[in-house]
There are 2 protein chains.
Amino acid sequence: MTIREEQVLERIDRARRSRPRLREDTITLAHGSGGKATHTLIEAVFKEAFDNPLLNRLDDSAGFTVNGADLAFTTDSYVVSPLFFPGGDIGDLAVNGTVNDLAVSGARPLHLSAAFILEEGFPIADLRRITESMRLAAGAAGVDIVTGDTKVVQRGKADGCYINTAGVGVVRSRPPGDLRPGDAVLVTGPIGEHGVTIMLARGELDIEADLRSDTAPLNCLLADVAGACPGAVRRMRDATRGGVATVLNELASDAGLAVVVDEDAIPVRPAVRGACELLGIDPMYVACEGRAVIVVAAEAADAALSALRGHPLGEDAAVIGQVKDDPSGLVLLKTAFGGTRIVDLLVGDPLPRIC
Amino acid sequence: MTIREEQVLERIDRARRSRPRLREDTITLAHGSGGKATHTLIEAVFKEAFDNPLLNRLDDSAGFTVNGADLAFTTDSYVVSPLFFPGGDIGDLAVNGTVNDLAVSGARPLHLSAAFILEEGFPIADLRRITESMRLAAGAAGVDIVTGDTKVVQRGKADGCYINTAGVGVVRSRPPGDLRPGDAVLVTGPIGEHGVTIMLARGELDIEADLRSDTAPLNCLLADVAGACPGAVRRMRDATRGGVATVLNELASDAGLAVVVDEDAIPVRPAVRGACELLGIDPMYVACEGRAVIVVAAEAADAALSALRGHPLGEDAAVIGQVKDDPSGLVLLKTAFGGTRIVDLLVGDPLPRIC
């Protein structure tokens, strides 16, 4: 590393250690991006107010024990636009998203809630299409939607239909989260398909591509991995808002270690790569809704990879990088051209409302 | 009963037995009222799609057992307008509402989720005020907010801030729900304060009244009642959207029995009565956010009432009626003038977005 590089890393490190300060007076779309602004909002407002050990971990789900039962509990609201898109709709997205938040916590998803905020004038036929898609997604994931709520707001106070799902699961074995230098970093499949599909479905761009959202329930796939390398799974995260880049940053930052990924190893379908080039965005930041990042002990990498590839949702899984000692808290990308660059958290929100 | 009255009752009975049919093509505000239209929407769309025994009960929470732990799980979205009103705001409403849904199920509320849908441009200061109020409400109810989510939508696609809370509780003793003729029907306090407060806070009416929302956590109050008359509590419901009238209808309908209430016995504060008269609405249909309807065995009525009155949130509790054999499924009101009228489910929505 040159002295200049070291100075840059030091500056980044200092900035990251300082207490996040919210500079804005009002909410911007970036606060919903899953990137830097979202992190700052969570730290400065939500953690500040709700401060408790379970929330403060900011995991995909909160874990707690009730009368000896080891539970995981999670929630997500869905505001995706458009509501219907190639490969899915807001309904299966809402089911799969919550199923996946439980699954990456090492839990078997059991029961979901579904709460609808509907805009006056929303077609009942569309609502039926959405609930049918939720029914199928719940069936595929092996969960039941057991409780719900419906609110209606006046025309112009929503955008058709927003859905919240919360979920309860029973923890089989929660990955401990303690990354170690040498650990292997895997993704379960090609990245960015969901986000790019949504962008194209909005029709604002004159791009045609044969793309479908990757929305899918990951519970069986991830259970297969856990079964194939017992005790060796360090951490799992689904790469939704902010994409794989954001997940890797959170992994590195939480562990105080570095994650070094190999650009060439990251599976990206040509249609996604092409669309991203035209859009001027990096597929690493584009949301997936059926892909997870998994960190396993080095010696378990092959077993994990073959478990993934043995499942239809993991056919194109790949080892994309490795955990290293330093630079602490940072994600480095070894580019196809032999260079190395820092992959930082997203600033702003180039893709609002993708989930 | 005259022959005419019998014919009327028969007609109502027939209509209620028939499978609910959704006549509308689009969502209307009435679908969010908690009344007839909401029931039809739930039956014809949500139950139809998500069909499972836990959901089909349509209780305030779903109850299930995980590894021997007896759990309750519930969700509600909050779209109240205005966000801030005398006695509370959307924040404590969202916490108390979910706490109460667990409490009426005989559960001790443990953990809540909080998911925010924020409109671009929403003031951070208002968000802080809301989260502070959630913090205080969670503290008062003895629950933690352990997981959450934030989404942001463009200007004009929401109304400042919508909140979903889901909650998990551990069941102490779930009321069996089997009403019997002779059972006593109680309310825990004066009705309609929340709904009327919201209407007045909108400032569309030129009425001044010293009213505050009744939003409050009922878990301790209801636990006191359960402790005071063990085994005698048949059913508890919090009287939110659609008010006490809607709850009584659901009780009667579920049990296939009649509920006969005494208009004179229903506690209504003069300011609520006055505002309702001016607004042309019946306080029986106005939402409370800190009041429950409790059905107990006749011999336990006194014990339940004195337990309620011994708690600050139940000072003005009252026995308001009795469960009878017939007319099956109906609620009858004995009016102050010696007459009797049927209290039916609400049609339409005179008070949209009160929670």
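The values are calculated or read from the model by the stated rules, or taken from the named source; none is laboratory data. Source: prediction; values computed, not measured. In this analysis, Cβ positions are derived from the backbone assuming ideal geometry, glycine residues included, and neighbour counts consider all displayed protein chains.
Assorted remarks:
- Output for region A:279-308, where each listed residue is in a helix (DSSP H, G or I) and either within 20 Å of the chain's Cα centre (by Cα) or not assigned by TED's automatic domain parsing to the domain that holds A:Val247 (or both): A:Pro283, A:Met284, A:Tyr285, A:Ala304, A:Leu305, A:Leu308
- Counting the residues of region B:72-88 that are touching a Ser or Thr at 6+ places or on another chain (Cβ under 8 Å) and more than 13 Å from chain A (Cβ to nearest Cβ) gives 4.
- Unmet criterion (only one of (1) within 29 Å of B:Arg241 (Cα to Cα); (2) away from chain B (no Cβ under 12 Å)) for A:Ala184: (1)
- Region A:125-134, subset facing chain B (nearest Cβ under 7 Å) and surrounded by 19 or more Cβ atoms within 10 Å (Cβ to Cβ), residue nearest to A:Val99 (Cα to Cα): A:Met134
- Residue ID - surrounded by the most Cβ atoms within 10 Å (Cβ to Cβ), chosen from residues in region A:248-264 that are within 14 Å of A:Phe337 (Cα to Cα) and in contact with a Gly (Cβ under 7 Å, 6 or more places away or on another chain): A:Val261
- If the condition is being facing chain B (nearest Cβ under 7 Å) and hydrophobic (A, V, I, L, M, F, W, C), then region A:139-153 contributes A:Ile145, A:Val146, A:Val152, A:Val153.
- If the condition is being closer than 11 Å to B:Ile117 by Cα and more than 7 Å from chain A (Cβ to nearest Cβ), then region B:155-177 contributes B:Gly160, B:Cys161, B:Ile163.
- Residue in region A:46-53 that is surrounded by fewer than 17 Cβ atoms within 10 Å (Cβ to Cβ) and modelled with pLDDT of 95 or more present: no
- Flag for A:Thr98 being out of contact with any Gly (no Cβ under 8 Å at 6 or more places or on another chain), surrounded by 24 or more Cβ atoms within 10 Å (Cβ to Cβ), on the phi < 0 side of the Ramachandran plot and not in a loop (DSSP other than H, G, I, E, B): no
- Residue, farthest from the other protein chains (Cβ to nearest Cβ), within region A:38-50, restricted to residues that are more than 16 Å from the chain's Cα centre (by Cα) and either assigned to a loop (DSSP other than H, G, I, E, B) or in contact (Cβ under 8 Å) with a residue 24 or more places away in the chain (or both): A:Glu43
- Looking only at residues of region B:101-152 that are outside any strand (DSSP E or B), of a type in the set (Val, Ile, Thr) and under 30 Å from B:Ala69 (Cα atoms), we find that the one that is nearest to the chain's Cα centre (by Cα) is B:Val104.
- Selection within region A:53-81 - more than 15 Å from the chain's Cα centre (by Cα), assigned to a strand (DSSP E or B) and charged (D, E, K, R): A:Asp70
- Selection from region A:310-355 of residues that are in a helix (DSSP H, G or I) and either touching a Phe, Trp or Tyr at 6+ places or on another chain (Cβ under 7 Å) or surrounded by 15 or more Cβ atoms within 10 Å (Cβ to Cβ) (or both): A:Leu313, A:Gly314
- All conditions but one from (1) touching a Leu at 6+ places or on another chain (Cβ under 7 Å); (2) in a loop (DSSP other than H, G, I, E, B); (3) under 27 Å from A:Ala300 (Cβ atoms) apply to A:Leu186; the one that does not is (2).
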